[in-house]
Amino acid sequence: MLKDNLASVEQRVAEACKRAGRSRDEVTLIAVSKTKPVEMLSEVYDAGVRDFGENKPQEIREKYPQLPEDIRWHMIGHLQRNKIKYIIDKVCMIHSVDSVRLAQAIDEAAGKIGIVMPVLVEVNVAGEESKSGIRPEEAENFVREISVFPNIHVEGLMTIAPFTENPEENRPYFRNLCKLCVDIKEKNIDNVNMCSLSMGMTGDFEIAIEEGATMVRVGTGIFGERYYPHAEADGRL
């Protein structure tokens, strides 16, 4: 079942790229594996996926030693400063930087082990009170502020668009985030390249790709509904 799900998602990614006149190579499919057991991740890995996204540091910490070393782990959920130490040597990118204090803590943790951590700035494009992320109008100044930290590198922006039955409703949010990313990139800020746009989930990733996403985060579309009964089950990821 998982291989069939993955094949379907891959086809949809490829078709969205084609509609947008983009190469399939321009988009990274991140399998969002939160709450899923290692056995399911292994099956998806065997089908060719190498990029996995997790919301909780503890899950990365537990799954990391049980799975192949060539997996690229993405920290996509809210990250508390005291949990950075658990994942700093395990993830390839942190998608959810939304405060200077968090950026500074990541910088310090990365410096201790001699790496530069790629990060994305989380932007709350729709201004939802329930969501983390900085306001779009604050993004450029925020990027400038955290760009001074030597052990992180700002790679671009991330957003979680509103949950909607009609994915077309999120097109303006994705379009605006892409424009914001381009605008910041044109400022040529040191230690910033703005080449990555992490946006789009199971319900709207095709629209996100059409509007410039370079990373889409798909969980339910690949793995099915959440594994634990108490986990939120709105089917968004």
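Tabulated data for the structure shown
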{"quantity": "Search result, residues across the stretch 138-172 that are within 16 Å of the chain's Cα centre (by Cα) and of a type in the set (S, T, Y)", "calculated": "T159"}
{"quantity": "Flag if T202 is part of a loop (DSSP other than H, G, I, E, B) and closer than 30 Å to D70 by Cβ", "calculated": "yes"}
{"quantity": "Search result, residues across the stretch 123-166 that are of a type in the set (D, E) and assigned to a helix (DSSP H, G or I)", "calculated": "E137, E138, E140, E145"}
{"quantity": "Members of the stretch 60-77 that are of a type in the set (D, E, K, R) and either at pLDDT below 95 or within 16 Å of the chain's Cα centre (by Cα) (or both)", "calculated": "R72"}
{"quantity": "Any chance L120 is within 18 Å of G200 (Cα to Cα) and part of a strand (DSSP E or B)", "calculated": "yes"}
{"quantity": "Residue that is surrounded by the most Cβ atoms within 10 Å (Cβ to Cβ), among those in the stretch 122-152 that are of a type in the set (S, T, N, Q) and closer than 25 Å to T164 by Cα", "calculated": "N124"}
{"quantity": "Residues located in the stretch 194-237, provided they are surrounded by fewer than 18 Cβ atoms within 10 Å (Cβ to Cβ) and modelled with pLDDT of 95 or more", "calculated": "C195"}
{"quantity": "Residues located in the stretch 35-83, provided they are within 17 Å of G224 (Cβ to Cβ), surrounded by fewer than 16 Cβ atoms within 10 Å (Cβ to Cβ) and either of a type in the set (G, A, S) or touching a strand residue (DSSP E or B) at 6+ places or on another chain (Cβ under 7 Å) (or both)", "calculated": "S42"}
{"quantity": "The listed residue being at pLDDT 95 or above, among the β-branched types (V, I, T) and touching a helix residue (DSSP H, G or I) at 6+ places or on another chain (Cβ under 9 Å), out of I189, I160", "calculated": "I189"}
{"quantity": "The one condition in (1) assigned to a strand (DSSP E or B); (2) buried (at least 22 other Cβ atoms within 10 Å of the Cβ) that Y173 fails to fulfil", "calculated": "(1)"}
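The values are calculated or read from the model by the stated rules, or taken from the named source; none is laboratory data. Values in this document were obtained by computation on a predicted structure and should not be read as measured data. Using ideal geometry, Cβ is built from the backbone for each residue, glycine included, and neighbour counts are taken over all protein chains shown.
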